[in-house]
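We did not get these values from a lab; they are worked out from the coordinates using the rules stated. On a predicted model such as this, the values are computed, not experimentally measured, just so you know. Don't worry about glycine lacking a Cβ; one is built from the backbone with ideal geometry, like all the others, and counts go over all protein chains shown.
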Amino acid sequence: MAKIIEKMNAKSRFKLKQFVKELEPYKGRHTELVSVYIPADYDINKIMNHLFQEQGTASNIKSKGTRDNVITALEKMMQHLKLFPFTPPHGLAIFSGNIAEREGQQEFKVWSIEPPIALNQRLYRCDKEFVLDPLRELLDTKEIYGMIVMDRREGTIAILKGKVIIPLLTRHSNVPGKFKAGGQSAQRFARLREGAAKDFYKRLADYVKEQFLEMKELKGILVGGPGPTKYTFVDGGFITDQVRQKIIAIKDLSYTGEFGLQELLDRCDDVLAEEEVMEEKKVMNRFFNLLAKNFGTVNYGKDAVMHDLKMGAVEIVLLSEDLSDEVIEEFEKEAEARGSEVVIVSTDTREGVQLRDIGKVAAILRYEVKR
């Protein structure tokens, strides 16, 4: 799948997360682990000159052990950078140092990664640990959508961050039921219900404003619910104009509450079509539909899928992020040799949990396989 500068797919996110996880345990005895971040479009030759100058500066370090470790780490890093004739399109993060467990021993290693999102930061630092915060920030999902599901009885406000629905609050109304109390006229009872409904809409609108108005990362608000209530809420003057302008979709739902939130996400695939969560849900839904209708065109389970993959029968390999690095690498290597696509599926979605529960490995096949 093609890389996109503005966002990363699940496979790219997984690889970056594993890269950070690999480097986190390493600790230097002194400030001798070197981290360098090269921004996109920055001249890599200027970085080489800078590292050469830092070598000269390091020769003034008093401790011989630290001095030798820094100078050698910089030398190894410069040798590694010679593999790159120019800065990669998204920039480059590179790390070097002596990772030997015992003092006095030497085991120098160099790591580098082109992030799936363009770096905009230039950094050089020697420290007791590698500087990984800029990579961690890339992993943090910046895009957030607000979610509102409601009817006259209750309203729930949540945010969609990446693939995860995070409920913020649920409020219940004081709208009386449809059956009036004895002695009240139908008109008076209808006015009481309408007045209670408007009070509820106003209170809910205040909560919406409180949660979403100042949320800088908010890309839009999704609204849904059974019946016409949601349209009354949106168009009836209850919501401030600044918040109302952020609403990008209104959907008919069968439920409110947490079931309503999940249904709203499912029904907003047209709005969220380019978001990672929907791409992941689409490919998993395709798998489950084929599983139900034509079992011979899919398979699941580690050994079964690997068998089909080696036969060249697999179009898409679906791998849960819960798998070990070794298993994922094994499938990726075989998939690359067979021209198959690999999709790393998170466990943040309902479909991702289902994949995990059926063995963490599944496949959509190129053709029907008789079993």
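Points worth noting:
- Anisotropy class of segment 144-267 from Cα gyration tensor, a/c 1.5 cut: prolate
- Of K11/K282; K163/K251; K17/K163; K161/K302, those spanning more than 21 Å from alpha-carbon to alpha-carbon: K161/K302
- The trypsin sites (Lys or Arg not before Pro) of segment 180-254 meeting both criteria, a DSSP state outside H, G, I, E and B (loop) and at most 11 other C-beta atoms within 10 angstrom of the site's C-beta, are K216.
- Here the relative contact order of the chain, from alpha carbon pairs under 8 Å that lie six or more residues apart, stands at 14 percent.
- Against the main long axis of the alpha-carbon atoms of the chain, helix 44-58 sits at an angle near 60°.
- Exposure proxy order (Cβ contacts within 10 Å, fewest to most) of L290, L318: L290, L318
- Counting neighbouring beta carbons within 10 Å and listing from fewest to most, the residues D322, D151 come out as D322, D151.
- Span from the segment 105-122 Cα centroid across to the segment 194-209 one, whole angstrom: 52
- Residue order, fewest to most beta carbons within 10 Å, for Y37, Y231, Y255, Y367: Y367, Y231, Y255, Y37
- When DSSP beta bridges are restricted to pairs lying wholly in segment 144-267, around 60% turn out antiparallel.
- Average Cα contact separation per residue, segment 42-103, under 8 Å, 6 or more apart, as relative contact order %: 38
- Cβ-defined net charge surrounding R267, 13 Å radius [Lys, Arg +1; Asp, Glu -1]: -2
- Order by protection proxy (mean Cβ within 10 Å, highest first), peptides 86-96, 16-26: 86-96, 16-26
- Cα-based helix-to-principal-axis angle, 276-293 vs the chain, degrees rounded to 10: 70
- Residues in segment 151-168 that a label on E210 would reach, taking backbone N under 13 Å of a point 7 Å out along Cα→Cβ: 157, 168
- Angle of helix 64-81 to the longest C-alpha principal axis of the chain, folded into 0 to 90 degrees and rounded to 10: 70°.
- In terms of its alpha-carbon gyration tensor, segment 29-153 comes out prolate; a/c meets the 1.5 threshold, and the first ratio a/b outweighs b/c.
- Helix-only mean residue ellipticity at 222 nm for the chain, each DSSP H run of n ≥ 4 adding -39500 (n - 2.57), per residue, nearest 500: -13000 deg cm²/dmol
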